[in-house]
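Inspection log for the structure reproduced underneath, given as structure tokens.
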Amino acid sequence: MIRERLNALKTLMRQQNIDVYYLNTSDYHLSEYVPEYFKTVAWFSGFTGSLATLLVTLNDTYIFVDGRYYLQADQQCLPYGIKVVKLGTEGALEPLAFLKENYPGAIVGLDGKRTSIAFAKELLNQGNQIRSIDIYSSLIQNRTPLSHSKIFEMDNSYAGLSRIRKVKLITHCLRDMVHIVDNLESIAYLLNLRGNDIAYTPVFLSYMVLQDGDVYLFCDLDRFNADLLDKLYADGIIIRPYDSYYDFLKTIEKRKIVLDERKVNYESYLALSQGNNLFYDRRSIIEDMKAIKNPIEQDNIRRAHIYDGIAVLRFMMWLDSIDKRTVNECDCSRKINSLRMEVGAKDLSFASIVAYNENAAIVHYFPEEDKCARLDNRGILLFDTGGQYLEGTTDITRTVALGEVDEEVRSYFTLVLKSMLALSELKFLSGLCGKQIDIVARQELWAYSVDYRHGTGHGVGNYLAVHEGPPNIRYGSTETKNEEVELKPGMVFSDEPGVYFANRFGIRCENLLLCKKVEENEYGRFLGFETLTMVPFDLKLIDRDLLDEKSIRALNSYHQKVYDTLSPFITEEERAYLKEKTQAI
């Protein structure tokens, strides 16, 4: 079926005189996670991961994936003759460089509403031609329609700042500039609104333009109830139909336009270009404001991690109490998901990763009902899961023993844990970025000549996206080029080193960290991290001989904090279990 779909797409390419057609996994807002309506890469390739680029030529099809998805892309795409380009490996070119080398001057078809300005400009600068046209939609059958569910308000007791206050701060900075915002998390954050248009990320499809002190929100009126509409109007928010956005942009003339060329789509740029406007490519100041959680948000996030810690603790208790042979990965996924909902989660923050033994070597493995592995009373289980609470967004990974494990597994688990603890205990001078501290985690694994092909940490939103830019902890370059973002107090990050051995096993440990000020003296301001996640690590997997005294103190201190934090909120039986799991080593 995939071959037939690709052949049909190639037929339309010939009819439109297109040499290469570009498809990505984004939506009109260049989101990471997207509504079902936009999962076109999956339709034409079979690949279900969250990030990939598909280049369809008249003779071949290529899919470009990063290290998280090497094995997944091989499994899902190779059977259909799709060539997998594994970014980060020797000789593998990024899509732009690939087109420049192999298809110089070629006509590239793409959907301008789903392509960033930055990508399109680079494509043009290297000599390719662009045909902004959607030729794929007519081929997709039974397409899931876009959501029209109700949008709801985020109370100030959770948001910490009113939308009026946020808008005033932003418009003061803009002065006479017009700001174009396509990014859904930024819109939801600024207006203290949330929605259900995308699974796992509580946002709603909309565009926003800030101009001369006014806020134009492009979102259909039937998405709001009457009370919320009255509040928005009272706060000066001007609401226009979602589909009127591009026509509105064409009315803006001879203005200074500030936008992020990696976060605003190419179709927006084409519309604005008709008005003889002057463009400034800048990261939105909304993103910087959103990344630094205010004190009320910080308190709420701590509370969210108490709820989450209780849910994960109960999952671990359940897992320890059963015969593992009676369940599979999907059973475990359903169990931990339901436990989160019982403690107050509104949704998951991403599709739960529950992977047994060799499946854990696939970094973003998701169990499927007809393919998932049955567990046994031996080996290890990795579960990477998270919840969306009104108080905040969580993301946690634990690897646990299901019974007997060999010494190699225990050794690598201990090294991964040591790596994670090293970063969480770091004290560093203000002004550094994530790229400069990434080695603190990796050095423990590099000493054994192993590495992991994903970032050490990503920013996390406040009841928003689990992967939130611009802050990050990674040494490699990405398309967004945001590796130089300064780490600041109030930012929330993941800390998640791992090791992965194909067809054998994978191990990852992950906590969320809050960046905070530690002290200030004549040398400057020193920063560190507060660990937010409150879940014990599996002591059965630790080889104490591989831990130094600093790591042992850090682990014991963390486990004591977990016990002290959770114990007032759980049953006597759960406290006894937690006491055992957090005992000092």
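Is the C-alpha gyration tensor of region 2-139 telling us rounded, prolate or oblate? Criteria: a/c under 1.5 is rounded; beyond that, a/b larger than b/c is prolate, otherwise oblate.
Note, shape of region 2-139 comes out rounded.
How far apart, in nm, are the 7 Å Cα→Cβ label points at ARG525 and TRP446?
Rounded to a tenth, the inter-label distance reads 2.8 nm.
Going by alpha carbons, how many degrees (0 to 90, nearest 10) lie between the helix axis of 163-174 and the longest principal axis of the chain?
60 degrees
Give the percent of DSSP beta bridges with both residues in region 1-101 that are antiparallel, rounded to the nearest 5.
70 percent
Would you work out if region 144-189 is rounded, prolate or oblate? Take a ≥ b ≥ c from the square roots of the eigenvalues of the alpha-carbon gyration tensor; rounded if a/c is under 1.5, else prolate when a/b is larger than b/c, oblate otherwise.
oblate
Looking at the chain, send over the antiparallel percent of its DSSP beta bridges, to the nearest 5.
Close to 75 percent.
Could you tell me the distance between the Cα centroids of region 9-46 and region 372-391, to the nearest Å?
Taking the Cα centre of region 372-391 as reference, the centre of region 9-46 is 31 Å away.
Between region 98-153 and region 318-344, what is the C-alpha centre distance in whole Å?
Cα centroid of region 98-153 versus Cα centroid of region 318-344: 40 Å apart.
Project the alpha carbons of region 307-360 onto their principal axes and report the range along each, largest first, in whole Å.
Projected onto the principal axes, the Cα atoms of region 307-360 cover 30, 23, 14 Å.
Kindly identify region 12-93 as rounded, prolate or oblate by the Cα gyration tensor criterion: order the square roots of the eigenvalues as a ≥ b ≥ c, call it rounded if a/c is under 1.5, otherwise compare a/b with b/c, prolate if a/b is larger, else oblate.
It comes out oblate by the Cα gyration axes.
Which whole-number percentage describes the relative contact order of the chain, with Cα contacts under 8 Å and a sequence gap of 6 or more?
11 percent
Within the chain, what's the longest stretch lacking GluC sites (Glu not before Pro) that sit in DSSP loops with no more than 11 other Cβ atoms inside 10 Å?
Answer from the scan: 91-252.
Tabulate in residue order the Karplus-calculated ³J(HN,Hα) for region 191-204, using 6.51 cos²θ - 1.76 cosθ + 1.60 with θ = phi - 60°, rounded to whole Hz; enter x for Gly and Pro.
Taking θ as phi minus 60°, the curve returns 9, 6, 10, 9, x, 10, 7, 10, 4, 6, 10, x, 10, 9 Hz for region 191-204.
Among DSSP bridges having both ends in region 57-196, what percentage is antiparallel? Round to the nearest 5.
20 percent
What length, rounded to one decimal in nm, is gained on full extension from ASN503 through to ILE585, with 0.36 nm per residue of separation minus their alpha-carbon distance?
Stretched out fully, the ASN503 to ILE585 stretch lengthens by 26.3 nm.
Please list the non-local residues whose amide H lies under 5 Å from the amide H of GLN129, H modeled 1.01 Å from N, same-chain partners needing a gap of 5 or more.
ALA106, ILE107, VAL108
Mean projection of the alpha-carbon convex hull of the chain over all orientations, in nm²?
Taking the Cα atoms of the chain, their convex hull projects to 27.2 nm² on average.
Under 30 Å Cα to Cα from LYS579, which lysines show up? Leave out anything in the same chain fewer than 8 places away.
Cα-Cα hits under 30 Å: LYS324, LYS335, LYS346, LYS418, LYS427, LYS516, LYS540, LYS550, LYS561.
For region 455-530 and region 196-236, what is the separation of their C-alpha centers, rounded to whole Å?
Result: 30 Å between the Cα centres.
Assign unit charges at the C-beta atoms only (+1 for Lys and Arg, -1 for Asp and Glu), then state the dipole size of region 44-178 relative to its Cα centre in Debye, rounded to the nearest 20.
Approximately 620 debye in magnitude.
What pairs in LYS263/LYS290; LYS113/LYS263; LYS121/LYS168 have C-alpha atoms more than 22 Å from each other?
Exceeds cut-off: LYS121/LYS168.
Mean residue ellipticity at 222 nm from the helices of the chain, using -39,500 (n - 2.57) per DSSP H segment of n ≥ 4 over the full residue count, to the nearest 500 deg cm²/dmol?
-10000 deg cm²/dmol
Among VAL84, VAL460, what is the fewest-to-most ranking by other Cβ atoms within 10 Å?
Lowest to highest Cβ neighbour count: VAL84, VAL460.
Need the list of lysines near LYS83 for cross-linking: C-alpha distance under 21 angstrom, and skip anything on the same chain fewer than eight residues off.
LYS10, LYS39, LYS100
Every read-out reported here was derived from the displayed coordinates using simple, explicitly stated rules and does not represent laboratory data. In this text the structure is predicted, and so the values were computed from the model without any measurement. Note that each Cβ is placed from the backbone with ideal geometry, even for glycine, and that neighbours are counted across all protein chains shown.
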